[in-house]
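Worksheet: the structure to be examined is printed underneath.
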Amino acid sequence: MSDEMPDPSDQAAEEPYAPAGPAPLGVARELTGHGPVDAHLERLAEVDHLPADGHLEVYEDVHRGLRAELTSLDAHPAPRPYDNRS
């Protein structure tokens, strides 16, 4: 066993820092029961395999799709059960 301190110049010879690759966040996505919405939400799983600079495109696409689904619901509202009272 040596009492010598490690030479700092030895550390410079090591490989430079490399960031870790993409890793899943482990966020659970639950189905809503509305097929088109669920399809958009499932697309979010793609970001688990993309570097951070690829996330924005997926998030914006999912946002556009969800907004379009909401807009279509406003254009064709479901009939209310109490509208058919006699």
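A Cβ distance below 7 Å, combined with a sequence gap of six or more or placement on separate chains, defines the contacts here; from region 39-59, residues that are farther than 14 Å from R29 by Cβ reach residues that are at pLDDT below 90 in the pairs H49/P22; L50/P22; P51/P22; H55/V47.
Conditions (1) surrounded by fewer than 12 Cβ atoms within 10 Å (Cβ to Cβ); (2) within 21 Å of G65 (Cβ to Cβ); (3) at pLDDT below 90, marked per residue:
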{"residue": "E14", "(1), (2), (3)": "yes, no, yes"}
{"residue": "V27", "(1), (2), (3)": "yes, yes, yes"}
{"residue": "G33", "(1), (2), (3)": "yes, yes, no"}
{"residue": "L41", "(1), (2), (3)": "no, yes, no"}
{"residue": "E46", "(1), (2), (3)": "no, yes, yes"}
{"residue": "L50", "(1), (2), (3)": "no, yes, yes"}
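Can you tell me how many residues in region 52-86 are among the aromatic types (F, W, Y) and at pLDDT 90 or above? Don't jump to the end; show me each part of the working.
Of the residues in region 52-86, the ones among the aromatic types (F, W, Y) are 59, 82.
The next check asks that each one be at pLDDT 90 or above; those that pass are 59.
Count: 1.
The values are calculated or read from the model by the stated rules, or taken from the named source; none is laboratory data. From a predicted model like this one, the values you see are computed outputs, not experimental measurements. Ideal geometry is used to build each Cβ from the backbone, glycine not excepted, and the neighbour counts take in all protein chains shown.
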